[in-house]
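Here the structure is laid out as structure tokens; the discussion comes afterwards.
The values are calculated or read from the model by the stated rules, or taken from the named source; none is laboratory data. In this text, all values refer to a predicted model and were calculated from it rather than measured experimentally. Here the Cβ is made from the backbone with ideal geometry for all residues, glycine too, and neighbour counts use every protein chain on show.
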Amino acid sequence: MHAPRRRLLSFAAAFTAIAGPLSGCVAQTTTAAAPGDLIGRVIIKFKNPSAPVNTAATLLDLEKTCGVRVGYARSLGAGAHLYELNGLRDQAALEDAVKGLAARADVQFAEIDRLMKPLQTDGARQ
């Protein structure tokens, strides 16, 4: 590595080490959510595409099925909708709520909204 580039990189590392804590930009430790504070995001597609999806009556009906507060987040592609389930105890409660939603007669499918990431490959093209 060339000397000017090495000096620049060492300056950047030193600046980050000093300026980070001064600006408050330090890594924060995450704490586990207290029971009842978990928010789960669920994707639901109804069998009837023209059914109301974010009316108060629909949300109350979904709340009866889930046993927790339900909020409408937004519309997704292919007729599905994103909902937030508020006040879940834990991941198992989220999974039980989704099973209950999926069992409803008016629901085509219900699934937990998960962040999907591509698998890391060794760089070979397939």
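If the condition is being at positive phi and crowded, with 16+ Cβ neighbours inside 10 Å, then region 46-74 contributes no residue at all.
Answer yes or no: is there a residue in region 63-71 that is out of contact with any strand residue (DSSP E or B) (no Cβ under 8 Å at 6 or more places or on another chain), at pLDDT below 90 and of a type in the set (Ser, Thr, Tyr).
No.
Can you tell me which residue is surrounded by the fewest Cβ atoms within 10 Å (Cβ to Cβ) among those in region 75-88 that are under 15 Å from residue 62 (Cβ atoms) and of a type in the set (A, V, I, L, M, F, W, C)? The extreme case among them is 82.
Given the condition modelled with pLDDT of 95 or more, crowded, with 16+ Cβ neighbours inside 10 Å and not acidic (Asp, Glu), answer yes or no: does some residue in region 28-41 qualify? The answer is no, given that none of the residues of region 28-41 is modelled with pLDDT of 95 or more, crowded, with 16+ Cβ neighbours inside 10 Å and not acidic (Asp, Glu).
For every residue, the table says whether it meets (1) under 12 Å from residue 39 (Cβ atoms); (2) touching a residue at least 40 places away in the same chain (Cβ under 8 Å).
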{"site": "57", "(1), (2)": "no, no"}
{"site": "64", "(1), (2)": "no, no"}
{"site": "73", "(1), (2)": "yes, no"}
{"site": "99", "(1), (2)": "no, no"}
{"site": "103", "(1), (2)": "no, no"}
{"site": "107", "(1), (2)": "no, yes"}
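Return yes or no: is residue 99 surrounded by fewer than 13 Cβ atoms within 10 Å (Cβ to Cβ), in a helix (DSSP H, G or I) and either at negative phi or in contact with a Ser or Thr (Cβ under 9 Å, 6 or more places away or on another chain) (or both)? Yes; evaluated as a whole, the condition is true for this residue.
If you check 91, 120 for being farther than 18 Å from residue 57 by Cβ, within 17 Å of the chain's Cα centre (by Cα) and at pLDDT below 95, only one passes: 91.
Consider region 37-55. How many of its residues are free of Cβ contacts under 8 Å to residues at least 40 places away in the same chain and closer than 17 Å to residue 73 by Cβ? The qualifying residues number 4.
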